[in-house]
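For reference, the structure discussed in these notes is given below.
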Amino acid sequence: MKLEGLHHITMITGDAPRNVAFYADTLGLRLVKKTVNFDAPEAYHLYFGDETGAPGSILTWFEFAGAAPGRAGQGMIHTLQLGVGSAEALGFWEPRLRDAGVTVRREGDRLRFADPDGLALELVVADDGNPPLRAQHPDVPEEHAITGLEGARAYSAFADVPESVLTDVLGFEHRGDGEYRLQGEERHFHWAYDQAPAHAPRPGSGTVHHIAWASQDDDHVRWQERVGQAGGHVTEIIDRDYFDAIYFREPRGVLFEIATLSPGFATDEDPEHLGEALRLPTQHEHLRPQLERALTPLVNPRAARRVA
């Protein structure tokens with residue numbers, strides 16, 4: 001039994017239309033699901049990824065409109081690393097981002113920048129074996145498209161001390177100096193801790209809510225048992241419509257999720273039209289009339305291009 005790498009990472013945004021414009025247009029990802037937060041249905045939950053919404057490509061956001069900017073600190077993820085296929089791809093993205101008004105810093109084989117909410121992002125050359133997970137965008141050549149999530153970095157007060165929950169319970173390889181690697185059958189993910197800053201963490205827009213690791217469906221109950229037996233305060237298995245999930249905090253304070261690989265995002269929507277209609281969890285379907293009135297209208301850029 002082992003985890004299959006990353007499933008998704010979930011953040012907070014204060015502005016859903018701006019979020020969609022940046023990720024589904026500027027960065028060329030596909031908006032694969034437009035739904036609402038299970039626990040706060042008045043808030044959007046938006047999913048972006050490759051053409052199919054494959055685990056390993058997925059970035060998601062809860063929208064709390066007008067949320068104050070947050071600040072990553074102890075026990076929080078502070079940087080996400082998105083893969084591209086080559087150094088030439090970085091050469092494509094640097095002027096594209098600058099033309100979109102984004103401040104970019106090139107450092108060797110990576111580009112550093114922030115999204116409109118202030119989330120720190122890096123484009124890195126993905127040259128160590130992850131199969132590419134690309135979306136299609138008319139202004140982004142396939143060879144330069146983002147290829148999926150490669151890594152994430154979090155803050156810890158004990159960054160260089162090996163974390164046994166990662167290695168002994170979850171199966172990460174410790175590589176020294178706060179660096180880890182999770183290797184699944186097909187994909188891997190780089191995870192790292194950096195020394196926590198002195199300032200207090202502050203959740204808000206531009207911060208990461210949780211990170212989810214991918215599990216084979218048949219192993220999910222056993223992962224729940226394994227985490228519980230190791231002393232983790234793990235939730236019951238929760239049906240999130242597109243995957244089943246369990247949640248717990250790892251010892252450094254980061255909220256972890258383990259999510260199943262199926263059923264996926266085409267379970268309630270035509271694969272050709274992912275992310276175009278508002279999909280609601282069954283438990284909230286009765287709220288559709290008021291939610292459609294209250295939620296800010298969002299246009300899927302792909303659907304808009306098709307109409308044009």
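Readers should treat all values here as calculations from the given coordinates under stated rules, not as data from a laboratory. No experiment lies behind these values; they were computed from the predicted model shown. Ideal geometry is used to build each Cβ from the backbone, glycine not excepted, and the neighbour counts take in all protein chains shown.
Worth pointing out:
- Burial order of peptide ranges 208-215, 151-158, 183-190 (average beta-carbon count within 10 Å, highest first): 208-215, 151-158, 183-190
- Summed over qualifying helices (DSSP H, 4 residues or more, each -39500 (n - 2.57)) and divided by its residue number, the chain shows a 222 nm mean residue ellipticity of -4000 deg cm²/dmol.
- With a simple spin-label model that places each label point 7 Å from the Cα along the Cα-to-Cβ direction, the separation between Ala100 and Leu287 comes to 3.0 nm.
- Binned Cα-Cα distance frequencies in region 6-307 - 20 Å width, integer %: 34, 61, 5
- Across all Cα pairs in region 43-100, the calculated P(r) in 10 Å bins from zero up to the longest distance comes to 16, 31, 43, 10 percent per bin.
- Global form of region 145-250, assessed from the alpha-carbon gyration tensor, a/c cut-off 1.5: rounded
- Extension gain from Arg110 to Asn37, taking 0.36 nm per residue of separation minus the Cα-Cα distance: 23.0 nm
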